[in-house]
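Reviewing the structure listed below.
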Amino acid sequence: MELIRKLRARAGQNDPIRVGIVGCGQMGSGLAHVVARVEGMRVAAIADIAPQRGIDTLCELGCPRDEIVVTDNENEAQDALRQGKRLVTADALLLTRLEALEANVEATGVPDIGARVAYESIHYGKPIIMLNAETDVTVGAYLSHLARTRGAVYTGASGDEPGVCTMLYEQAVLMGFEVICLGKGKNNPIDFAATPERCAAEAAAKDMNPKMLAAFKDGTKTMVEMAAVANATGLLPDVPGMHGPKAELDELVTTFIPKADGGIFSRRGCVDFTTGAIAPGVFAIVYTDSPRMRKDMEFITKARGPYYLLFRPYHLCDIETPQSIAEAVLLKEVTVAAQTMHAEVVCVAKRPIRAGEQVGGIGSADIYGRIYTYAEARLGGMIPIGLAPGGRATADIPAGQPMTTANFMARTDTFIAELRRQQDKWLHPA
């Protein structure tokens, strides 16, 4: 790939890749600090609903305050970037239209904003790197289709679990293995009752948004991440919500295999997770019936097979994202993207919800996500997690029950809802 050589050449020409970041929370601000240390890249613009966060981040990077232009005006923004100044704006969509920016990274975690930013970036032919898997599992198949059709780049990020799991998947397939399972380590057991209020103290200590932390604890993030893996690879959840057993490193290869061979799966080719010691890493369980491959694997690894463990003991989130930026801009390469809908993360009631009640968003005290196969979710009329925020119950929904078209009315006036309608027409033409 020669990414480093290409980036150094850009640096030598005083022409670094100019990156825009949408969302300056924990992930976005962390990414800005990483990009600032990569030769041949530059944080040129930050969009955040609270512009001061963008200003503070750029100042932390050593940018003089008088070199930061704060504006929502397109002409002023273009002029600022042409002069080599940095831009901060509250208008996320402004970054999609600025010719001086070569790529945008979406890091808000808000499904509707992610959908708008991705769609507009594709429209203007600007690579879009998603640190927003919530958007991806809802309308990523359609956004990926649009990007490929229009010659643009839409991709998830290296460093997120979908990116590193897909890397393991491609390596395994290119070595001639059958992939039995792709999985991730979760740091703690799922707490379906996690709320922002209960997570507030821990979130403050970790400099996190309490709703974001609640979405990790209640399992929504894990469901979203592994649904993104499923939609990129075709692997499926074996059961709704996946199994999620605790398994240590040496137990993975005997656990995440078919029941016929002593494991937990009723099918081959699954996504799942474990709360064992591999967290925060990812893993693949692969299989071969080739006598020669088994002989070579035993010689190289001492493992006798026919099932083998491939694993990566870490994923570094936003710290690894610059690789996806470089690949998208310099090579027009995609790290990970949905090919179609194989899995769906549906909305489940976190508490008893009464008819007429409006629910909050991901990580709220109202809902959490659970993965199903796409076919199961569609047959049951289940509401995708990315469409649920702001919707209303039309009947009483007990805690732990999915929202469906029979008991819940999702909002229809959001941009992501319109993209979902377009995706449904594309996937299921009349």
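The values are calculated or read from the model by the stated rules, or taken from the named source; none is laboratory data. Note that the structure is predicted; figures quoted are calculated from it, not measured. Cβ sites come from the backbone with ideal geometry, for glycine too, and all protein chains shown count toward neighbours.
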Exercise. In this structure, does Lys259 turn out to be of a type outside the set (Phe, Trp, Tyr), surrounded by fewer than 16 Cβ atoms within 10 Å (Cβ to Cβ), in contact with a Gly (Cβ under 6 Å, 6 or more places away or on another chain) and not assigned by TED's automatic domain parsing to the domain that holds Tyr368?
Worked result: no
For this session: Filter the range 288-312 down to residues that are in a helix (DSSP H, G or I) and among the β-branched types (Val, Ile, Thr) and give me whichever is nearest to Asn132 (Cα to Cα).
Result: Thr301
Exercise. Taking only pairs six or more apart or across chains, which ones have beta-carbon atoms under 6 Å, a first residue in the range 230-248 that is on the phi < 0 side of the Ramachandran plot and of a type in the set (A, V, I, L, M, F, W, C), and a second residue that is in a loop (DSSP other than H, G, I, E, B) and modelled with pLDDT under 95?
Worked result: Ala247/Gly276
For this session: Inspect the range 313-320 for any residue being assigned to a strand (DSSP E or B) and surrounded by fewer than 20 Cβ atoms within 10 Å (Cβ to Cβ) and give the result as yes or no.
Result: no
Exercise. Taking Tyr154, is it over 30 Å from Leu249 (Cα atoms), of a type in the set (Ser, Thr, Tyr) and surrounded by fewer than 24 Cβ atoms within 10 Å (Cβ to Cβ)?
Worked result: no
Exercise. Do you know which residues across the range 65-102 are small (Gly, Ala, Ser) and surrounded by fewer than 22 Cβ atoms within 10 Å (Cβ to Cβ)?
Worked result: Gly84, Ala90, Ala100
For this session: Give the residue, chosen from Val105, Val110, that is aliphatic (A, V, I, L, M) and closer than 17 Å to Ile416 by Cα.
Result: Val110
Problem set entry | Filter result (of a type in the set (A, V, I, L, M, F, W, C) and assigned to a strand (DSSP E or B)) within the range 249-279 | Phe265, Cys270, Val271, Phe273
Exercise. Do we have Ile285 as assigned to a strand (DSSP E or B) and either assigned by TED's automatic domain parsing to the domain that holds Met167 or at pLDDT 95 or above (or both) here?
Worked result: yes
Exercise. When Asp272 is evaluated against the numbered criteria (1) over 25 Å from the mean Cα position of the chain (by Cα); (2) among the charged types (D, E, K, R); (3) surrounded by 19 or more Cβ atoms within 10 Å (Cβ to Cβ), which criterion, by number, is the only one it fails?
Worked result: (1)
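Yes/no matrix, rows are residues, columns are (1) in contact (Cβ under 8 Å) with a residue 40 or more places away in the chain; (2) basic (Lys, Arg); (3) within 17 Å of Ala227 (Cβ to Cβ):
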| site | (1), (2), (3) |
| --- | --- |
| Pro306 | no, no, no |
| Val346 | yes, no, yes |
| Ile353 | yes, no, no |
| Glu357 | no, no, no |
| Asp366 | no, no, no |
| Ala377 | no, no, yes |
| Ile383 | no, no, yes |
Exercise. For the range 332-341, does any single residue satisfy the condition of being acidic (Asp, Glu), part of a loop (DSSP other than H, G, I, E, B) and either surrounded by 23 or more Cβ atoms within 10 Å (Cβ to Cβ) or at negative phi (or both)?
Worked result: yes
For this session: Scan Ala157, Ala141, Ala152 and give me the residue that is within 17 Å of the chain's Cα centre (by Cα) and more than 25 Å from Ile319 (Cβ to Cβ).
Result: Ala141
For this session: Kindly check whether there is at least one residue in the range 331-347 that is among the polar types (S, T, N, Q) and more than 30 Å from Ala9 (Cβ to Cβ).
Result: yes
Problem set entry | So Ile383, is it under 27 Å from Ala200 (Cα atoms) and aliphatic (A, V, I, L, M) | no
Problem set entry | Only one of Ala279, Ala247 that is of a type in the set (Gly, Ala, Ser), out of contact with any Leu (no Cβ under 8 Å at 6 or more places or on another chain) and crowded, with 22+ Cβ neighbours inside 10 Å | Ala247
Exercise. Does any residue in the range 60-81 that is within 16 Å of Ala92 (Cβ to Cβ) come within less than 6 Å, Cβ to Cβ, of a residue that is among the acidic types (Asp, Glu) and buried (at least 16 other Cβ atoms within 10 Å of the Cβ) six or more places away or on a different chain, and which pairs are these?
Worked result: Asp72/Asp91
Seminar exercise, completed: Restricted to the range 393-417 and to residues being among the hydroxyl-bearing types (Ser, Thr, Tyr) and surrounded by 13 or more Cβ atoms within 10 Å (Cβ to Cβ), the residue nearest to Thr138 (Cα to Cα) is Thr414
